[in-house]
Amino acid sequence: MEKQQELKMAVLIDAENVPYHNVKAMMEEITKYGVPTTKRIYGDWTRNVTSGWKSVLLENAITPVQQYSYTSGKNSSDSAMIIDAMDILYSGKVNGFCIVSSDSDFTRLAIRLRESGMKVIGIGEKKTPNPFIVACDKFIFLEILRQEYSESEGDDEKSGKKPVEKKSLQTVDKDTLKLISDSINDLADEDGWAYLGDVGNLVNKKRPEFDPRNYGFMKLTPMLKSLVRYFEIDERKTDKANIKRVFVKIKKSPAKAPVKATRQRKSTARKATQSAKPPVK
């Protein structure tokens, strides 16, 4: 059996739209999807705004690219990133890109890279415009990475501090429930069960920014387990003792009697009771 080819990724970071203290957590997240072979960050390094980047870039082996601001109030890094992305694309040395920015100007670039068969992962803040989010195969909010990193940095037992509560970026609304339910229906067998791994992949294809961490859960399984009113979970044993295959099913709500039929039955019962009474003399 052939091993799946490891994804080689070019990481392009817009320094003017990403805080430098998020970089370490961000690079750790990127390694879950592939190997970052090219790592570049774009900005005007003569400005005081970018002064905190030096040590971060050295620690993570990221190459800074100088791009002067030719016009005030305009992000000059956009065009440099786009040109470099196309050069890297045609070099044939990578099969995936990670664009780190909260700027919608990279929407067309993400679409163009995907048209060329590239895997595109976007990372940005919650404020990122939706067109850029949906143009990526997967989009990750910086806020959840920031939260995870702050938790791993602080040792609660040694410091004596209380553990920080996880904050949810999003709430499980009707649209989210419909998204999950529709995906289960698309993959379900005759008994209504669907393999959870396939459900998660399909949900991400439909909505690139979907991530259980946005809702306060590390994985999809505990998230669906918390929604006991809507879903059933079945953990099935495999040949390997420590591995289970998780399946999910939409929980059927108890059938309610139609209102009209109920009223008709009540009316019939009332008439039968009245006819059974003896006539008044």
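Regarding region 29-37, can at least one residue be identified that is at pLDDT below 85 and buried (at least 17 other Cβ atoms within 10 Å of the Cβ)?
Step one: filter region 29-37 for residues at pLDDT below 85, giving none.
For region 29-37, residues at pLDDT below 85 and buried (at least 17 other Cβ atoms within 10 Å of the Cβ): absent.
Take ILE99 and tell me if it is touching a Gly at 6+ places or on another chain (Cβ under 7 Å), under 14 Å from ASP14 (Cα atoms) and hydrophobic (A, V, I, L, M, F, W, C). Yes. Set side by side, the residues GLY73, GLY52 differ, and just one is farther than 20 Å from ARG146 by Cβ and at pLDDT below 95, which is GLY73. Taking the listed residues TYR20, TYR90, the one that is at pLDDT 80 or above and exposed (fewer than 12 other Cβ atoms within 10 Å of the Cβ) is TYR90, with no other qualifying. Consider ILE99 carefully, then state whether it is open to solvent by less than 30 Å² (accessible area, probe 1.4 Å), touching a helix residue (DSSP H, G or I) at 6+ places or on another chain (Cβ under 7 Å), farther than 30 Å from GLU6 by Cβ and modelled with pLDDT of 90 or more. So ILE99 does not fit the description; no.
Condition first: at pLDDT below 90, outside any strand (DSSP E or B) and not basic (Lys, Arg). Can you find one or more residues in region 207-220 that meet it?
No.
Taken over region 222-281, residues that are among the aliphatic types (A, V, I, L, M), open to solvent by 100 Å² or more (accessible area, probe 1.4 Å) and either touching a Gly at 6+ places or on another chain (Cβ under 8 Å) or at pLDDT 85 or above (or both) amount to 0.
In region 114-141, the residues that are within 24 Å of LYS93 (Cα to Cα) and surrounded by fewer than 20 Cβ atoms within 10 Å (Cβ to Cβ) form Cβ pairs under 8 Å with partners that are aromatic (Phe, Trp, Tyr) and at pLDDT 95 or above, at six or more places apart or across chains, as follows: LYS119/PHE97.
When you look at ILE83, is it out of contact with any Lys or Arg (no Cβ under 8 Å at 6 or more places or on another chain) and more than 23 Å from ALA25 (Cβ to Cβ), yes or no? Walk me through how you get there before you give the answer.
Numbers: out of contact with any Lys or Arg (no Cβ under 8 Å at 6 or more places or on another chain): yes; more than 23 Å from ALA25 (Cβ to Cβ): yes.
Criteria met by ILE83.
For ILE111, indicate whether it is modelled with pLDDT of 95 or more and open to solvent by 60 Å² or more (accessible area, probe 1.4 Å). The answer is yes for ILE111. Scanning region 55-70 for residues that are at pLDDT 90 or above, in a loop (DSSP other than H, G, I, E, B) and open to solvent by 50 Å² or more (accessible area, probe 1.4 Å) yields one hit, ALA61. Being touching a residue at least 12 places away in the same chain (Cβ under 8 Å) and loosely packed, with under 15 Cβ neighbours inside 10 Å is the filter here; which residues of region 183-204 pass it? Of everything in region 183-204, those that are touching a residue at least 12 places away in the same chain (Cβ under 8 Å) and loosely packed, with under 15 Cβ neighbours inside 10 Å turn out to be ASN185, ASP186, ASP191, GLY197.
The values are calculated or read from the model by the stated rules, or taken from the named source; none is laboratory data. Predicted, not measured: the structure shown is a model, and the values here were computed from it. Glycine also receives a Cβ, built like all others from the backbone with ideal geometry; neighbour counts cover every protein chain displayed. Accessible surface is based on the protein model in full, side chains and every heavy atom, while ligands, DNA and RNA are left aside. Shrake-Rupley method; radii C 1.70, N 1.55, O 1.52, S 1.80 Å.
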